[in-house]
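Okay, structure first, notes after.
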Amino acid sequence: MAKTMLSCFSRLDYIKPLLILNERFSSAFDPTEGQNQYIVHNDEGERALFELCGSRPVVLIAPETQGLSARLALKVTQAGGIILGSAPGAVKIASDKARLLELLAGKGVPCSPFAVVCDQTTIKEAALSWGFPLVVKPSCGTGGEGSVLLSNKIELDEFLTSKKAYSRGLIIQPFIKGFPASLSILATGSGKAYLVSVNEQKIALSESDDGKSASFRYIGGKTGLSEDDYAAYGGTSLEYLQGLSQTVVDAIPGLMGYVGIDLIMTTKGPQVLEVNPRITTPLAFLGKFATWNIAETLREACLLDKLPSDPAVPKIDFTVEGLSC
């Protein structure tokens, strides 16, 4: 994602981008790109961000895990930087899945049911109420990390005796059958939302660390879906998904720039799972192959309150391994 954004911003004559990059990712960049890089060690990144961003426009690319992206967004604003993306408060809301789903449901957004895991009783009650399979995952996380799929009572009992059952900040949800998808949207400073692309999400199940239950792993997807691509799952129209995008942006004050909405297409309509307040993998691939510049579009949305005029979105079948950084 960082490599794509650096390349897109570098193509703009009126901008000289600087990438603050952790040293462990530096090998993914060509030597010719070194002039645009500021390499930092693990414990120097936030300090460098605070010192270098000044009054400059800043694009943050960081996971929501353990509140990292919200903390970095706050650092940028405290240093006087101009975030080409969501405000710290919006990032904090979106990073907490329990808080987010409660907020969205209150605004009429169709969301997956959930319960906050307070103790083992919560999990047992969820199993009785929803039945199997069940999904247990961190309330603050990304990319399926820490998620567990419980398919039956045996796996539930094994989970309850594992260390994961005592982790803080877990939520539990029924497993929803359907078509995993995401919406790539662009929001302006005044809160206007534009649906850029509907994407397929390819999710793999892999054995978890304890070897007793399965976990989810995001492995890739496809951009630029049409209504025909998911017609079997409720026949949701692009017009409806555009309206859904706007409702989500309206519900979260300060949500701006590129945003991803993860959902499941079902025969009863879409169910929103989470909101990613940042550029996501599908948009990073679009940035490599689209005829329009995603960096310029981002700048215009955040600084000029301007939405794109129906940019062409190619169908790209991708894997996460295909995006080096």
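The values are calculated or read from the model by the stated rules, or taken from the named source; none is laboratory data. Being a predicted model, the structure only gives us computed values, none of them experimental. No Cβ is skipped: glycine too gets one built from the backbone with ideal geometry, and neighbour counts run over all protein chains shown. SASA here: full protein model, heavy atoms, side chains in, ligands and nucleic acids out. Shrake-Rupley method; radii C 1.70, N 1.55, O 1.52, S 1.80 Å.
Compute the accessible area per residue over region 1-117, keeping the other protein chains in place, probe 1.4 Å, unit Å².
Details: 6110 Å² over 117 residues.
For region 1-117, the per-residue accessible area is 52 Å².
In region 1-150, what is the volume of the convex hull around the alpha carbon atoms, normalised per residue and reported in Å³? Mind showing how you got there, number by number?
Details: hull volume 23.9 nm³, N = 150.
Measuring per residue, one finds 160 Å³ for the Cα hull of region 1-150.
Going by average Cβ density within 10 Å per residue, which order do the peptides 240-251, 94-105 take, highest to lowest? Provide the component values of the computation, followed by the final result.
Details: 240-251: 18.6, 94-105: 20.5.
Ranked by mean Cβ neighbours within 10 Å, highest first: 94-105, 240-251.
Show me the ranking of peptides 123-133, 276-286, 170-180 by mean Cβ neighbours inside 10 Å, starting with the highest.
On the way: 123-133: 14.5, 276-286: 25.6, 170-180: 18.5.
Highest to lowest by the protection proxy: 276-286, 170-180, 123-133.
Pop the C-beta distance of residue 44 and residue 203 into the FRET formula with R0 = 45 Å and round what comes out to the nearest 0.05.
0.80
Quick one: pull the percent of accessible area on region 110-234 belonging to carbon and sulfur, 1.4 Å probe, ligands and nucleic acids left out.
On the way: 3080 of 5820 Å².
The nonpolar share, carbon plus sulfur, comes to 53 percent.
First obtain the Kirkwood hydrodynamic radius of region 199-325 from its Cα pairs, then insert it into the Stokes-Einstein equation at 20 °C and 1.002 mPa s, and state the resulting D in µm² per second as a whole number.
On the way: Rh = 16.4 Å.
Result for D is 131 µm²/s.
Have a look at the DSSP beta bridges in the chain and tell me what percent are antiparallel, nearest 5. Write out the running numbers ahead of the final one.
Details: 45 of 52 bridges.
Expressed as a percentage, antiparallel bridges in the chain total about 85.
Principal axes first, then extents: for the Cα atoms of the chain, list largest minus smallest coordinate on each axis, whole Å, largest first.
Sorted from largest, the Cα extents of the chain read 60, 45, 34 Å.
What accessible surface, in Å², does a 1.4 Å probe find on residue 92, ignoring ligands, DNA and RNA and rounding to the nearest 10?
It works out to around 130 Å².
Tell me the per residue accessible area of region 190-325 using a 1.4 Å probe; a whole number in Å² is fine.
Working: 5800 Å² over 136 residues.
I get 43 Å² per residue for region 190-325.
May I have the convex hull volume per residue, in Å³, for the Cα set of region 50-128? It would help to have the intermediate numbers written out before the result.
Details: hull volume 9.1 nm³, N = 79.
Taking the convex hull of the Cα positions in region 50-128, it is 115 Å³ per residue.
Cβ neighbours within 10 Å, averaged per peptide: list 199-206, 309-316 in order, most packed at the top. Walk me through the numbers before you get to the answer.
Values: 199-206: 17.0, 309-316: 13.2.
Ranking, from highest mean packing down: 199-206, 309-316.
Output the pairs from 202/315; 92/288; 3/75; 192/222; 75/288 with a Cα-Cα distance over 19 Å in this structure; if there are none, say none. Intermediate values should be presented prior to the final figure.
Numbers: 202/315 15 Å; 92/288 29 Å; 3/75 22 Å; 192/222 25 Å; 75/288 29 Å.
Among 202/315; 92/288; 3/75; 192/222; 75/288, the Cα-Cα distance tops 19 Å for 92/288; 3/75; 192/222; 75/288.
Extending each Cα 7 Å along its Cβ direction at residue 82 and residue 315, get the distance between those two points in nm, one decimal.
Label-label distance for residue 82 and residue 315, simple model: 4.0 nm.
What GluC sites (Glu not before Pro) in region 1-82 are in a loop by DSSP, with at most 16 other Cβ atoms within 10 Å of the Cβ? Write out the running numbers ahead of the final one.
On the way: sites: 23, 33, 44, 46, 51, 64; in loops: 44, 64.
Answer by residue number: 44.
Tell me, what is the percent relative contact order of the chain, built from C-alpha pairs under 8 Å that lie six or more residues apart? Write out the running numbers ahead of the final one.
Details: 650 pairs, mean separation 64.5, N = 325.
The value is 20 percent.
Going by alpha carbons, how many degrees (0 to 90, nearest 10) lie between the helix axis of 238-251 and the longest principal axis of the chain?
80
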